[in-house]
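Encoded as structure tokens, the structure appears first; notes follow it.
Read-outs: derived from the displayed coordinates by stated rules, not from any lab. None of the values given here were measured: they were computed from a predicted structure. Here Cβ is always computed from backbone atoms with ideal geometry, including for glycine, and neighbour counts include all displayed protein chains.
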Amino acid sequence: MTKKKPEPNAAKPKYELTSQEVTAIKKLVAPAKPAPRLKVLNEKGTTISTAHPDQLAGQALLMDALGTADIDFYRGLIDQLANAAWRKGQIDEHSLNFMLSVVKGIEPNDQVEAMLAAQMAAVHMTTMTFARRLAQVENIPQQDSAERAFNKLTRTFATQMEALKRYRTGGEQKVTVQHVSVSEGGQAIVGSVTQAPREAARDKAASSPRALPNAQQSPMPILGERAPSPVPLKRKSAE
């Protein structure tokens, strides 16, 4: 009895990209502000350069992405990022390009924003380092130490974000004006209004002393009632 040969698998239909996937691929291939990566040249991992066929063009693209036209500032900032990415006696190319990507993603407009963006990248790297340590603690002292450092770093990063936002807006505060309609006889209050609970208001009213009337003044007449006429007093005649 002869066995039937298995039929070859039919060709799978070609996957058709959706419009969202096509848009994402176009953004990836042609970014708004293309800027090259950095690469480690020598085996010792101490020399870096732009990953671009033309070094001058690559350097110009990176300087534009960092918001500077000063070559000294550019070299100093790259050196500082490289020092922050120092791992096991050499520059970690992956960490260096990650921090550089963070700075480029913030899109600094000047050198101040570029420095703040570099600090934010370094703080984030250190934050995630302590997050890893916090997940690998073996005793309570290690947990307390890693937790304190992690909390300080996360608060620092949030403060840096607020500082960048204030710097970009010039420290101006935005005021939102909304339409408020007030009916006749009502009053509009502008500002924060704190309403005390009813129980607290009743307790305050009960504890407050009552005002004492002035005995030298005549009592206030009640509206709608006639004031009583004075009654003459009769004196008894002496017998």
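Before moving on, here are some points about what is shown:
- Its Cα centre serving as origin, region 24-169 has a Cβ charge dipole (Lys and Arg +1, Asp and Glu -1) of approximately 380 debye.
- Full-extension gain in nm, residue 90 to residue 39, via 0.36 nm per residue minus C-alpha separation: 17.1 nm
- Spin-label model, residue 25/residue 126: points 7 Å from Cα along the beta carbon direction are separated by 4.3 nm.
- 17 Å tail of the calculated P(r), region 72-138, as % of Cα pairs: 43 percent
- The relative contact order of region 28-148 comes to 20 percent, based on Cα pairs under 8 Å that sit 6 or more residues apart.
- Along region 86-102 the Karplus relation, 6.51 cos²θ - 1.76 cosθ + 1.60 evaluated at θ = phi - 60°, assigns HN-Hα couplings of 6, 9, 6, x, 7, 7, 7, 4, 5, 5, 4, 6, 5, 5, 4, 5, 5 Hz to successive residues, with x for each Gly and Pro.
- Per-pair calculated FRET efficiency, R0 = 45 Å: residue 139 and residue 80 via Cβ, rounded to 0.05: 0.80
- 3J(HN,Hα) from dihedral phi, region 122-133, Karplus parametrisation 6.51/-1.76/1.60, rounded to Hz, x for glycine, proline: 5, 5, 5, 4, 5, 4, 5, 5, 6, 5, 5, 5
- Amide proton proximity set for residue 48, modelled H, under 5 Å, gap of 5+: 41
- Residues whose placed amide H lies under 5 Å from that of residue 38, excluding near-sequence neighbours: 51
- Reducing region 149-169 and region 49-70 to their Cα centroids gives an inter-centroid distance of 28 Å.
- Average projected area [Cα convex hull, region 24-169], square nanometres: 10.9 nm²
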